[in-house]
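My questions will all concern the structure given below.
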Amino acid sequence: MEHFGWVCSRCSATFGLADIRYTCGCCPHGGRLTLALDYQRLGAGHAPGDTVLLDEPSMWRYRRLLPVTESLSTSWVALPVGWTPLYRADKLGKQLGLAELFIKNEALNPTGSLKDRASALVVAKAMELGERTVATASSGNAAAALAGLCAATGLRCLVFVPERTPASKLAQLAAYGATVVRVRGDYDTAVELSLAASAEWGWYCRNTAVNPYTAEGKKTAALEILEQLGWKSPDAVLVPVGDGNILVGLYRGFVDALAMGWINQLPRLIGVQSDAAAALYEAWHRGGTEVVPTRAATVADSISVGNPQDGYRALQAVRDTNGVLTTVPESEIVPTARWFTQQTGVLAEPASAVTVAALPRLLRERHIRRDERMVIVHTGHGLKTLDVVMAGSPRARVVEPTLDALRSFITDHHGGEPAFVPANG
Ligand SMILES: *Cc1c(COP(=O)(O)O)cnc(C)c1O
Ligand SMILES: [Zn+2]
């Protein structure tokens, strides 16, 4: 623990690990805290396996780069998170004319999204601190991640979600046994209420970016990507952006790897938003460092954020890696999610498909090249937005159990396709 402290991303003030809980008081919304690591004492310059990397099939293989007490292992084994597959999506790559396109499949985390990494670390810290109740605002996935981790460890869990949270996400929350506060209003409203309520009742607050462990937990996804590529940085990593905390978390992991001497350069971070929820893109476009809250109304509920909670650091991260922020037309998101699923076998919630939708524009504007090695971070499972999946899918017709009935069914669907002509016909 003596290897760690906090540094404010705005005013550079430093704090001891246990001396501050959430944010620095230097600005009205609170300067976001970033973990400061003593890389020398952690073994910088030596191979990962010789220093911090542990042989465990979860995000906790990197726990020595996280400020957790080693003896406190219950939450780590209660619901293992991370060590998700990274693989080449060759069919998708070919369709888009890209030589080396990889998917980091974060939907395979236990509650179905990348948010599990943040909640796992927050819950481990909550247990270490002796907290009994954890609360969070969320558009749905952070809440599910927290609710799942709390179900596995026995902590009490309250989640604040917007009134228009998809039904399948609400069902998931209820199933884990969380107390669900469905707030009249949007995600930004839920954030305000959850902060006030956590202060009022003294709950441990997991809120994205406000709790500094959220980005630090997510950094394990970046470390895994590098390890899975043999400690060679990809050229670019693409990620959907709402609050900007996933982007910041990935940046944190890449920065750690660079500082430890495991890679030679940072990948470019490319953040993608819907043009119907583009607060961060607009700040980027203006060339500014400050985000002006906007209206957010995208079908991609996980990135429907008007007042990004990690905007300042996200803009810094994109700038520092020579990356870019871009948008996709709102109307393209759902069709792209369906197309992506049919090219990969990966069922995507709408937010997770914006990166794919952005690839043609990124190519056209020369932010990426066809021969580059790129990773798209697949952030959330399609079953979380069942309404959207169902709305775009034809309802299967019931077929009588005879070959004659099947023959006319197949003729209707596949007419003259050679694969569907009977052997004797
Ligand atoms: C949370 C989330 C995002 C966006 O992450 P931010 O940290 O809010 O930028 C993208 N996709 C999915 C599926 C998410 O759950
Ligand atoms: Zn500060």
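The values are calculated or read from the model by the stated rules, or taken from the named source; none is laboratory data. Quantities reported herein were computed from a predicted structural model and do not represent experimental measurements. Here the Cβ is made from the backbone with ideal geometry for all residues, glycine too, and neighbour counts use every protein chain on show. The area values use the complete protein model at the heavy-atom level, side chains included, leaving out ligands, DNA and RNA. Shrake-Rupley method; radii C 1.70, N 1.55, O 1.52, S 1.80 Å.
Considering only DSSP beta bridges where both residues belong to the chain, give the percentage that are antiparallel (nearest 5).
30
Going by Cα centres, the stretch 220-273 and the stretch 77-155 are how many Å apart?
Distance between centres, Cα-based: 16 Å.
Please work out how much length the chain gains when fully extended from residue 133 to residue 100, using 0.36 nm per residue of separation minus the C-alpha to C-alpha distance, in nm with one decimal.
Net length gain for the segment: 7.4 nm.
State the extension gain, in nm to one decimal, for the chain segment bounded by residue 259 and residue 12, taking 0.36 nm per residue of separation less the distance between their alpha-carbons.
My answer for the length gained is 87.1 nm.
Where is the GNM fluctuation largest for the chain (alpha-carbon springs, 10 angstrom cutoff): 193, 86, 173?
For the chain, modelled as a Gaussian network with Cα springs under 10 Å, the answer is 193.
Compare 364, 156, 32 by solvent-accessible area with a 1.4 Å probe and give them largest first, with all protein chains kept in place.
Order by accessible area, largest first: 364, 156, 32.
Expressed as cubic angstrom per residue, what is the convex hull volume of the alpha carbon set of the stretch 254-355?
Dividing the Cα hull volume of the stretch 254-355 by its residues yields 112 Å³.
Also: Please compute the net charge surrounding residue 370, taking Lys and Arg as +1 and Asp and Glu as -1 over other residues with Cβ under 12 Å from its Cβ.
Combined, the nearby Lys, Arg, Asp and Glu give +1.
What is the sum of charges around residue 106, taking Lys and Arg as +1, Asp and Glu as -1, for the other residues whose C-beta is under 14 Å from the C-beta of residue 106? Before the final figure, lay out each step's value.
Working: positive: 104, 115, 117, 218, 219, 384; negative: 116, 224, 349.
Cβ neighbours under 14 Å give a net charge of +3.
Determine the per residue accessible area of the chain with all protein chains present and a 1.4 angstrom probe, expressed in square angstrom.
42
Keeping the other protein chains in place, figure out the carbon and sulfur percent of the accessible area of the stretch 1-136, with a 1.4 Å probe. Kindly include the intermediate steps, with their values, before the conclusion.
Values: 2950 of 5810 Å².
Of all accessible area on the stretch 1-136, carbon and sulfur atoms account for 51 percent.
As I understand it, the dipole of the chain uses +1 on the Cβ of Lys and Arg and -1 on the Cβ of Asp and Glu, about the Cα centre. Which of 248, 293, 65 lies farthest toward its positive end?
Of the options given, the answer is 293.
Need one number: nm distance between label points at residue 423 and residue 235, each 7 Å from Cα along Cα→Cβ, rounded to one decimal.
4.8
If you don't mind, there's one more thing I want to ask. Sort 255-267, 87-99 by packing, meaning the average of other beta carbons within 10 Å per residue, with the highest value first.
The most tightly packed comes first, giving 255-267, 87-99.
Another one. Within 10 Å, count the other beta carbons around each residue, average over each peptide in 115-124, 394-403, 408-417, 216-225, and list them highest first.
Going by the mean number of other Cβ atoms within 10 Å, highest first, we get 115-124, 216-225, 408-417, 394-403.
For the ranges 40-50, 178-188, 141-151, 316-326, what's the packing order if you count other beta-carbon atoms within 10 Å of each residue, average per peptide, and put the highest first? Intermediate results must be reported in sequence, preceding the final value.
On the way: 40-50: 12.9, 178-188: 18.0, 141-151: 28.4, 316-326: 19.7.
Going from most to least packed, we get 141-151, 316-326, 178-188, 40-50.
Pairing the Cα long axis of helix 115-128 with the longest principal axis of the chain, what angle in degrees results, from 0 to 90 and rounded to the nearest 10?
The angle comes out at about 30 degrees.
Note the per residue figure in Å³ for the convex hull of the C-alpha positions in the stretch 1-90.
Working: hull volume 16.1 nm³, N = 90.
Hull volume normalised by residue count: 179 Å³.
What are the principal axis extents of the Cα atoms in the stretch 40-104, in Å, biggest first?
Projected onto the principal axes, the Cα atoms of the stretch 40-104 cover 48, 33, 17 Å.
Please report how far the C-alpha centroid of the stretch 387-425 lies from that of the stretch 279-312, rounded to the nearest whole angstrom.
Distance between centres, Cα-based: 45 Å.
A further question follows. For the chain, what is the convex hull (Cα atoms) projected area averaged across all directions, in square nanometres?
Result: 22.8 nm².
Further question on the same structure: Provide the gained length on full extension for the span residue 90 to residue 400, in nm with one decimal, where the gain is 0.36 nm per separating residue minus the Cα-Cα distance. Please list the in-between numbers first.
Values: separation 310, 0.36 × 310 = 111.60 nm, distance 3.82 nm.
Contour length minus the Cα-Cα distance gives 107.8 nm.
Only helical DSSP H runs with n ≥ 4 go in: add -39500 (n - 2.57) per run for the chain, normalise by residue count and round the 222 nm mean residue ellipticity to 500 deg cm²/dmol.
The per-residue figure over the chain is -11000 deg cm²/dmol.
Next question. Of 404, 38, which has the most accessible area and how do the rest follow, probe 1.4 Å?
So, going from the largest accessible area down, we get 404, 38.
Applying 1/(1 + (r/R0)^6) with R0 = 60 Å to the Cβ-Cβ distance of residue 285 and residue 21, what FRET efficiency is obtained, to the nearest 0.05?
Once the sixth-power term is evaluated, E becomes 0.95.
What is the percent carbon and sulfur in the accessible area of the stretch 294-377, measuring with a 1.4 Å probe over the protein chains and ignoring ligands?
46
Related question: Would you calculate the convex hull of the Cα atoms in the stretch 163-314 and tell me its volume per residue in Å³? Please report the intermediate quantities before stating the final value.
Details: hull volume 21.3 nm³, N = 152.
It comes to 140 Å³ per residue, whole-number rounded.
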